[in-house]
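Worksheet for the structure shown next.
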Amino acid sequence: MSTMHSVLEHMTPEAREALLAHSRQVTFAAGTRIFKEHQRAERFWIILSGTVELSTHIPCHKDAVIDTLGHGELLGWSWMVPPYGWRLGATASHEVRALEFDAAAVRELCKEDSAVGRSVAVAVAAVIADRLDSARTRLLDLFAPQGSGIPLAYAR
C-alpha cells in the first residue's frame, strides 16, 4: 500500500477547495471493476474508505496486482496525460467510498487557473512517481529470479 496519506495534502488550500468543488461522493461494492487498462480515463477518484487493487494484464497469466490503494489516495492519474487512457486496471477489493471527479472539467479548471493547475500537476506527479516505484518493486518481486531484494514489508 502506498505511503502517501492524501493527494490533497500536496495541494495549496485554494487549489484543494477549487478541486473539491468539482467532486461528488460515490460507492463501489467489493469486487467492482472500476476501470480496465486502455479504456478512456474520463474520471478519477480520491478514496475516502475501502481499498482498491491496481493490476496489469499479463498474457497467459492471472492479472498481477501492482499496488493497493486506501484512504486519501488518488485513484487514477491517466486522466491528466494524453491520450487519457488507463495504464492499469482497478478493482475494489473492499467496499469503497470515494470522491469522484470529471476529468474534462478538472482539466478545464487547471487550464483556466494556472495556480490550481500547477498545484494539481505537482500533486499528481508525486503520485505518478510513487506508483512507478511501487510497480517496479512489485514486478521484480513477481518475475525477477531474486526479486527486488527488498522485503515486502519494507518496500515502501
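Work out how much length Phe143 to Thr56 would gain on full extension: take 0.36 nm times their residue separation and subtract the Cα-Cα distance, in nm to one decimal.
Extra length available between Phe143 and Thr56 comes to 30.0 nm.
Give the accessible area for Glu112 in Å² (nearest 10); use a 1.4 Å probe, count only protein heavy atoms, and leave out ligands, DNA and RNA.
The accessible area comes out at roughly 130 Å².
Roughly to the nearest percent, how much of the accessible area of the chain is carbon and sulfur, given a 1.4 Å probe?
Here it works out to 57 percent.
Keeping all protein chains in place, calculate the accessible area per residue for the chain (probe 1.4 angstrom), answer in Å².
54
What are the extents of the Cα atoms of the chain along their three principal axes, in Å, largest first?
That works out to 49, 29, 29 Å along the principal axes.
Suppose R0 equals 25 Å; then what is the FRET efficiency for Glu17 and Ser49 from their Cβ-Cβ distance, rounded to the nearest 0.05?
0.70
Could you compute how much accessible surface Thr32 exposes when probed at 1.4 Å, giving the result in Å² to the nearest 10?
Rounded to the nearest 10, the figure is 50 Å².
Whole angstrom only: what separates the Cα centroid of region 25-44 from the Cα centroid of region 80-94?
Region 25-44 and region 80-94 have Cα centres separated by 8 Å.
The values are calculated or read from the model by the stated rules, or taken from the named source; none is laboratory data. What you see is a predicted model; the values in this text were computed from it and never measured. Cβ atoms come from the backbone with ideal geometry, glycine included; neighbour counts cover every protein chain shown. We work out accessible area using only protein heavy atoms, side chains counted, and drop any ligands, DNA or RNA first. Shrake-Rupley method; radii C 1.70, N 1.55, O 1.52, S 1.80 Å.
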